[in-house]
1. Quick check: anything in the range 59-78 farther than 19 Å from Phe155 by Cα, free of Cβ contacts under 8 Å to residues at least 24 places away in the same chain and away from ligand 1 (no atom under 12 Å from the Cβ)?
2. Would you be able to say whether some residue in the range 112-135 is of a type in the set (Val, Ile, Thr) and within 28 Å of Ile197 (Cβ to Cβ)?
3. Hey, can you tell me all the residues within the range 218-238 that are among the hydrophobic types (A, V, I, L, M, F, W, C), open to solvent by less than 10 Å² (accessible area, probe 1.4 Å) and within 14 Å of ligand 2 (Cβ to nearest atom)?
4. Tell me which strands (runs of 3 or more DSSP E) are completely within the range 141-230 and hold 3 or more residues being within 14 Å of the chain's Cα centre (by Cα), or say none if there are none.
5. Which of the residues spanning the range 105-125 are assigned to a loop (DSSP other than H, G, I, E, B), away from ligand 1 (no atom under 15 Å from the Cβ) and open to solvent by less than 50 Å² (accessible area, probe 1.4 Å)?
6. Is there a residue in the range 95-103 that is in contact with a helix residue (DSSP H, G or I) (Cβ under 8 Å, 6 or more places away or on another chain) and either within 16 Å of ligand 2 (Cβ to nearest atom) or in a loop (DSSP other than H, G, I, E, B) (or both)?
7. Find all pairs meeting these conditions: Cβ atoms under 7 angstrom apart; at least six residues apart or on different chains; first residue within the range 233-250 and touching a residue at least 40 places away in the same chain (Cβ under 8 Å) and in a strand (DSSP E or B); second residue of a type in the set (D, E, K, R) and more than 10 Å from ligand 1 (Cβ to nearest atom).
8. Return the total of residues in the range 74-101 being hydroxyl-bearing (Ser, Thr, Tyr), open to solvent by less than 40 Å² (accessible area, probe 1.4 Å) and within 15 Å of Ser250 (Cβ to Cβ).
Amino acid sequence: MSQHLTLSREDIVRLCERVEGAQTRAYAIPKLTDEYPAMTIADGYAVQAELRRRFIAQGHKLIGWKAGLTSKAKMLQMGVNVPSIGFLTDRMARPESSAIKTSDLVHPRVECEVAFVTKTTLTGPGCTLQMVLDATDYVLPAVEIIDSRFSGFKFDLPSVIADNGSSARYVGGGRARYPDDIDLRTLGVVMEKNGEIVTMGASAAVLGHPAEAIAMLVNILAELGEVLPAGSFVMSGGITEAIPVKPGDSIVARFQELGSVSMRFID
Ligand code: OOG
Ligand code: MG
């Protein structure tokens, strides 16, 4: 990590328990830097790693990873201009077209993302866009349901990293495609909420090419001493800003070349 650790082991465990409580019982907490203003990005990843360790010890399975804050729209919306990563487990996955409960979430928002499924291990540092494309089995459209555990959905980079990049739920679907068969930079996406278009964009919004976000993610994993194993499901980050949802809302994300992903929200 480019920044050093400032938190003690006890602080890391304490903050992890605070984030875990907020995630599993769905309540908002103040951002962690209110109490620990010197917290660094490395501290954030140390809390996130402890959270991952606990979830896996509880029987959750690691399915893959997510890149976050990889588009201008997302950076502007959240006021943070450095990308981040978080992990994804089996407990966060929801089927396409399903009804997603909101009573176990704080203030959910949805965003359209291109997801990659890998067929060989990717290792950093020095992972490139071409290495990602060569290691990609197929791509598919996805909707991420993010849910910051911080009050007012307001945070800074160390806090949001500790909160696992606001990860809450994700839905993959649509039509899987081989990366060589489509131009991954120019995919248009339109999001509809209750039948009305609420936001739209193109995949190049994500670091110029969504595979670039996966390369960035692999290089951050390398700094954490990890690799991206074959068979990982990896989301490249929201193309547009995230849209709030509440019970009764239905969402359809329509992706050029990749089909659509839909879901509805219930209490
Ligand atoms: C942080 C997570 C960002 C994305 O796709 O950019 C993210 C947040 O906005 O709460 O998942
Ligand atoms: Mg996202």
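The values are calculated or read from the model by the stated rules, or taken from the named source; none is laboratory data. This is a predicted model, so every value here is computed, not measured. Positions of Cβ are backbone-derived with ideal geometry, glycine not excepted, and every protein chain shown enters the neighbour counts. Keep in mind that these areas ignore ligands, DNA and RNA; they rest on the heavy atoms of the full protein, side chains included. Shrake-Rupley method; radii C 1.70, N 1.55, O 1.52, S 1.80 Å.
1. We begin by selecting, within the range 59-78, every residue farther than 19 Å from Phe155 by Cα; these are 59-65.
From the residues that got through so far, the ones that are free of Cβ contacts under 8 Å to residues at least 24 places away in the same chain too are 59.
Retained after the next criterion (residues that are away from ligand 1 (no atom under 12 Å from the Cβ)): 59.
Yes - at least one qualifying residue is present in the range 59-78.
2. Yes, because at least one residue in the range 112-135 is of a type in the set (Val, Ile, Thr) and within 28 Å of Ile197 (Cβ to Cβ).
3. Keep residues of the range 218-238 that are among the hydrophobic types (A, V, I, L, M, F, W, C), which gives 218, 220-222, 224, 227-228, 230, 233-235.
Filter again for open to solvent by less than 10 Å² (accessible area, probe 1.4 Å), leaving 218, 221, 228, 234-235.
The answer is Val234, Met235.
4. Once the strands (runs of 3 or more DSSP E) in the range 141-230 are filtered for at least 3 residues that are within 14 Å of the chain's Cα centre (by Cα), what remains is 167-172.
5. As a first pass, look at the range 105-125 and keep what is assigned to a loop (DSSP other than H, G, I, E, B): 105-108, 119-121, 123-125.
Applying the additional criterion that residues be away from ligand 1 (no atom under 15 Å from the Cβ) yields 119-121, 123-125.
Hit for the range 105-125 is Gly124, nothing else.
6. So the first thing to find is which residues in the range 95-103 are in contact with a helix residue (DSSP H, G or I) (Cβ under 8 Å, 6 or more places away or on another chain), and the list is none.
Checking the range 95-103: not a single residue is in contact with a helix residue (DSSP H, G or I) (Cβ under 8 Å, 6 or more places away or on another chain) and either within 16 Å of ligand 2 (Cβ to nearest atom) or in a loop (DSSP other than H, G, I, E, B) (or both).
7. Ile243/Lys193; Ser250/Arg264
8. Taking the range 74-101 as the starting set, the residues that turn out to be hydroxyl-bearing (Ser, Thr, Tyr) are 84, 89, 97-98.
Now restrict to residues that are open to solvent by less than 40 Å² (accessible area, probe 1.4 Å): 84, 89, 98.
Within this subset, residues satisfying the condition of being within 15 Å of Ser250 (Cβ to Cβ) are 98.
Adding up the residues that qualify gives 1.
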